[in-house]
Amino acid sequence: MLGFIEEVRLENFKSFRRARIVFPSRLVAITGPNGGGKSNVMDAIAFVLGERARSLRAKRLSGLVRKGAERAKVVLVIKHGKRRIHVSREIRRNGDSVYRVDGSIKRASEVELLLSRVGLRLGSYCVVSQGEITRIAEMSPRERLQLLEEISGILEYENKKQEALRELEEIDKVISEHKAVLEYRERALREAEEEVKRLRKRKELERKRDSLRKQLLLLRRDRLMKDLKALEEVKLEVEDLTPLEKELNQAEMELEFLENSDDLSELREYQKRRSKLESLKSKLKVIEARISEKRKSLEALTSYHQRKLPSEVINDSGFLGVVGDLVKPVEGYEVAYRAAGGGRLQDVVVRTYEDALRIISKLKGRKISMRIIPLDTIRSKKCKESSPNVSMGFLTSFLLYDESCSKLIDLVFGDYVLVRDIGEVPRDLLGRYKFVSLDGEILLKDGTIRIERRDWDVLASSLMRERGKINSLIREREEIFSKIEELESAMRRLPDPKEIATKLREARNRVHMLRERYRKALEERRRKMAGLSRLSERKGEIKAELKSLDEELRKLEGVEPASSSDPKRDLEVLEARLRILGEVDPNAEIKYSEIKRKYEELRSLLNKALEKREGALKAISMWEEKKNREFSEKYRSLREAFNRKLKDLLGWEGDLKLVEMGEKLCLIVEVSAPGKKPVDIDAFSGGEKSLIALAFILAAQEVRPSAIYLFDEADSMLDGVNCSKYANMVKKLAEKAQVVIVTLKKETLSEADYIIGITMSDGSSKPIAVRLEDVRS
């Protein structure tokens, strides 16, 4: 049984503030001036039936709310048998939409299902809005094909096919996930199987290991029992040390008596002085070594910088040395010696003239400068006059040399007179002598004075300091000599200590010998006592180990001991194999069972998913087949209905053809007037195209009937004759469904069962008023 819209109630919907419109018959016409709200009534019905904003001539649903209001509401009162159903839809400014059925909030899908059950679900071209006919007339062939698909109702099948495809996609996703997880669980299952094998292998190895351990423990226990029995038979006797202790005490008392006697005091005094004497002699040796060291240092200060001589000179048999090596100054006269000698201190001295010639021959061809003095050919420069009273004497008197070098001394230093200060030389002695001062200043015979400041002050200061140290050491040495003589004299007055020393030595040797005997005896006694202790300790260790072995054997109770010929080696091999095998999860078998259960569960889920996939593929194929079949049937029906409607409306014939255009399927509309060939719809005028489009719409409504049809000024382009034809067609449509039309044509009104007139309030800004007129044709 189909439903029937009995009443429409509007509240703040578009131009209506509040309105109530009753539809008492199947064919209802709504008339009124432009802007009166006729189309808004149609939009209100379509709004509740589920149309979207664009179909309701609004950019968004919130645009349906009357200006100044917060919400809009439309209620349809539907008569279905004896029952009246109130279906409402409310829209707020924020875009929220709410459906209600008899006051209870419902989802859009629930309302859509309810309307389908009462036959009020909107189908293709159930609502023909303003401009729809013109839009269809101007459609391209490709758009007309899409229109055909919509009229055919294959969208439902396509939606179900797409739903099946989405389901297939979800199933494939699930299958993919299941396969990925199953692959992971297969690996986990294999790993768990391997772990179970390793666990069983380890248990077997551990069983063998325990068997070998028990064999070793039993062997060890037998050995320990034998060792304990052997230790029980060992007996150690400890020596009595009392006699030896008494003998040692007696000897120590005798030694103490000797050490406390007067003879021992004299002996100690003697040893004390002797020790002091040895200390003084040692100190004397140290002082003499320091004196020798200081003299070498002093000699180094007085020596000159000797140049390096060729080996041919040094190694010659006639070479005696240089002047500086053969002649040395007396202490305190080093500065005068070095000033007077000057460069001649480095002159080479040889024995004979022949020696000099030989050296010269060896040095031929070499770049070298030296002066050679043969002792057998030199002439003396010794001054024949006596030294003047102002002088200290001739410088030669303050030199140290060998008698064989006397001519050499006269040659180099023979004419030098030593004075304390060069200023002491009177003028009348000038030209008669060469004078040299203690500071190294030289007054020559020609009256010139030569001064060579070669750090003489520093040299003199250093020489004085070093001589002071040497003299201090010599005095200290003399003091030590004196002390040594005093000690030796005192020691000679003491009695001979040899006899006392002999007695004391013998007593000490006896005490030492007895102590050594006592120490060895004590060590032996301690060794034996330690042996007894170790023996007892070893017994305790064996007993403790036997107890521990018994504990270990109790743990291995029920284990059959092995009978290996080398259990220790076999146990080491087993232990190595266990180490190589590594740690194994003791719960491996439980985990394996759990992993296998999950694997089987997932395998079952995968099989079910594969079965669902087969079902989805079959559904896709089924819906595709139904879609194609329905399309073919509706296409055939639409062609026949279009031709029939076109004949009723215009007396023309029409056809709908499917053709391929640019590899795409399109729908061509061909129409033939009486006596003319079929031509494409685009060849007709605008009015004719509109009539053809109207015929197409009426054919579509016949092919896909609905419980309600809404026409919004669909007759606006028709003349009087065609308008009457249109009205008759609508009236026939109303025989099977409820039809609501909006029109301004009186020809159309003549066929209406009931007319609703909508007028404007004159000169008022109030909302549109609604007036009902019960007028029948």
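The values are calculated or read from the model by the stated rules, or taken from the named source; none is laboratory data. What you see is a predicted model, and the numbers here were worked out from it, not measured in a lab. Methodologically, a virtual Cβ is constructed for each residue, glycine included, from the backbone with ideal geometry; neighbour enumeration extends over all protein chains shown. Protein only, heavy atoms only, side chains kept; ligands, DNA and RNA dropped before computing areas. Shrake-Rupley method; radii C 1.70, N 1.55, O 1.52, S 1.80 Å.
Counting helices only, and only those DSSP H runs with n ≥ 4, report the 222 nm mean residue ellipticity of the chain as the sum of -39,500 (n - 2.57) divided by its residues, in deg cm²/dmol to the nearest 500.
The helix contribution divided over the chain gives -19000 deg cm²/dmol.
With a 1.4 Å probe and all protein chains in place, put Thr31, Thr377 in order of accessible area, largest first.
Thr377, Thr31
Select from segment 325-415 those GluC sites (Glu not before Pro) which occupy a DSSP coil region and have at most 11 other Cβ atoms within 10 Å, ordered by residue number. Provide the component values of the computation, followed by the final result.
Values: sites: Glu331, Glu334, Glu354, Glu385, Glu403; in loops: Glu331, Glu385.
Passing both the DSSP loop test and the Cβ count: Glu385.
With each label point set 7 Å from Cα along the Cα-Cβ vector, what nm distance links Asp428 and Tyr401?
With each label placed 7 Å out from Cα toward Cβ, I get 3.2 nm.
For segment 621-727, just run the numbers: alpha carbon Rg, then divide by 2.2 N^0.38 Å, N being how many residues it has.
Details: Rg = 15.4 Å, N = 107, 2.2 N^0.38 = 13.0 Å.
Scaled against compact globular proteins, the figure is 1.18.
Could you pull out the pairs from Lys161/Lys612; Lys676/Lys731; Lys627/Lys731 whose alpha carbons sit more than 22 Å apart here?
Beyond 22 Å: Lys676/Lys731; Lys627/Lys731.
Taking Lys732 as the anchor, which lysines have their alpha carbon closer than 28 Å to its alpha carbon, excluding any fewer than eight residues away along the same chain?
Here the lysines satisfying the reach criterion relative to Lys732 are Lys38, Lys79, Lys82, Lys634, Lys645, Lys647, Lys657, Lys689, Lys745, Lys746.
Which angle between 0 and 90 degrees, to the nearest 10, do you get for helix 720-734 versus the longest principal axis of the chain when only C-alpha atoms count?
In the chain, helix 720-734 runs at an angle near 80 degrees to the longest axis.
Rounded to the nearest 20 debye, what is the charge dipole size of the chain about its Cα centre when +1 sits on each Lys and Arg Cβ and -1 on each Asp and Glu Cβ?
Approximately 1640 debye in magnitude.
Any idea what the dipole of segment 576-696 comes to, in debye rounded to 20, about its Cα centre with Lys/Arg Cβ at +1 and Asp/Glu Cβ at -1?
380
Cβ under 11 Å from Ile133's Cβ, Ile133 left aside: what net charge do those residues give with Lys, Arg +1 and Asp, Glu -1?
My count for the surroundings of Ile133 gives -3.
In the chain, what percentage of the DSSP-assigned beta bridges are antiparallel, given to the nearest 5?
For the chain, the DSSP antiparallel bridge percentage is about 70.
If amide hydrogens are placed 1.01 Å from N in the peptide plane, which non-local residues have theirs closer than 5 Å to the one on Ala69?
It is none; the list stays empty.
So how do Arg71, Arg92 rank on accessible area, 1.4 Å probe, biggest first, that is with the largest at the start?
Arg92, Arg71
Using the alpha-carbon atoms, what tilt in degrees (0 to 90, nearest 10) does helix 588-650 show relative to the longest principal axis of the chain?
40
Quote the FRET efficiency, to the nearest 0.05, computed for Arg538 versus Arg274 with a Förster distance R0 of 56 Å and r equal to the Cβ-Cβ distance.
On the way: r = 58 Å, r/R0 = 1.03.
Working from the Cβ atoms, E equals 0.45.
Write down the Kirkwood hydrodynamic radius of segment 128-257, to one decimal in angstroms, obtained as one divided by the mean of 1/r over all alpha carbon pairs.
Details: mean 1/r = 0.0365 Å⁻¹.
Kirkwood hydrodynamic radius for segment 128-257: 27.4 Å.
Relative to the first principal axis of the alpha-carbon coordinates of the chain, what is the inclination of helix 567-581, with its axis defined by its Cα atoms, in degrees from 0 to 90 and to the nearest 10?
50
What percent does the relative contact order of the chain come to when contacts are Cα pairs within less than 8 Å and at least six residues apart?
Over the chain, the number comes to 24 percent.
Give the whole-number value, in cubic angstrom per residue, of the convex hull volume spanned by the C-alpha atoms of segment 532-630.
So the per-residue hull volume is 200 Å³.
Residues with amide H under 5 Å of Val127's amide H, sequence separation 5 or more or different chain, H placed in the peptide plane at 1.01 Å from N; which?
So Val127 has HN proximity to Leu710.
Farthest toward the dipole's positive end in the chain, which of Leu400, Leu532, Met661, given Cβ charges of +1 (Lys, Arg) and -1 (Asp, Glu) about the Cα centre?
Met661
Sort 357-367, 161-171 by packing, meaning the average of other beta carbons within 10 Å per residue, with the highest value first.
Highest to lowest by the protection proxy: 161-171, 357-367.
Determine one quarter of the surface area of the Cα convex hull of segment 22-126, which equals its mean projected area, and express it in nm² to one decimal.
For segment 22-126, the mean projected area of the Cα convex hull comes to 7.7 nm².
Once Cα Rg over 2.2 N^0.38 Å is worked out from the coordinates, which option in (i) 1.00; (ii) 1.18; (iii) 2.67 does it equal?
(iii)
Which aspartates and glutamates, if any, have their Cα less than 18 Å from the Cα of Lys328, not counting same-chain residues under 8 positions apart?
Reachable aspartates and glutamates: Glu299, Asp347, Asp402, Glu403, Asp410, Asp415, Asp439, Glu466.
Taking the Cα centre of segment 150-246 as origin and charging only Cβ (+1 Lys, Arg; -1 Asp, Glu), how large is the dipole, in debye to the nearest 20?
1020
Going by accessible area, probe 1.4 Å, with all protein chains left in place, what is the ranking of Arg190, Arg467, largest first?
Arg190, Arg467
Counting Lys +1, Arg +1, Asp -1, Glu -1, what net charge surrounds Gly321 among other residues with beta carbon under 12 Å of its beta carbon? Walk me through the intermediate numbers first.
Numbers: positive: Lys328, Arg351; negative: Asp316, Asp325, Asp347, Asp402.
Summing Lys/Arg as +1 and Asp/Glu as -1 gives -2.
Compute the distance in nm between two label points, each set 7 Å from the Cα along the Cα-to-Cβ direction, one at Glu523 and one at Lys203.
6.4
List the residues whose amide H sits under 5 Å from the amide H of Val742, counting only those 5 or more places along or on another chain, with H placed 1.01 Å from N in the peptide plane.
HN-HN under 5 Å from Val742: Ile30, Phe711, Asp712, Glu713, Ala714.
Considering the options Ile78, Met253, Leu650, tell which one lies farthest towards the positive end of the dipole of the chain, charges being +1 on Lys and Arg and -1 on Asp and Glu at the Cβ, about the Cα centre.
After comparing all options, I get Leu650.
Which of Ala180, Ser593, Asn628 sits farthest toward the positive end of the charge dipole of the chain, with +1 on the Cβ of Lys and Arg and -1 on the Cβ of Asp and Glu?
Asn628
Percent of accessible area on segment 602-673 owned by carbon and sulfur, 1.4 Å probe? Don't skip to the end; give the middle numbers.
Values: 1940 of 4110 Å².
The value for segment 602-673 is 47 percent carbon and sulfur by accessible area.
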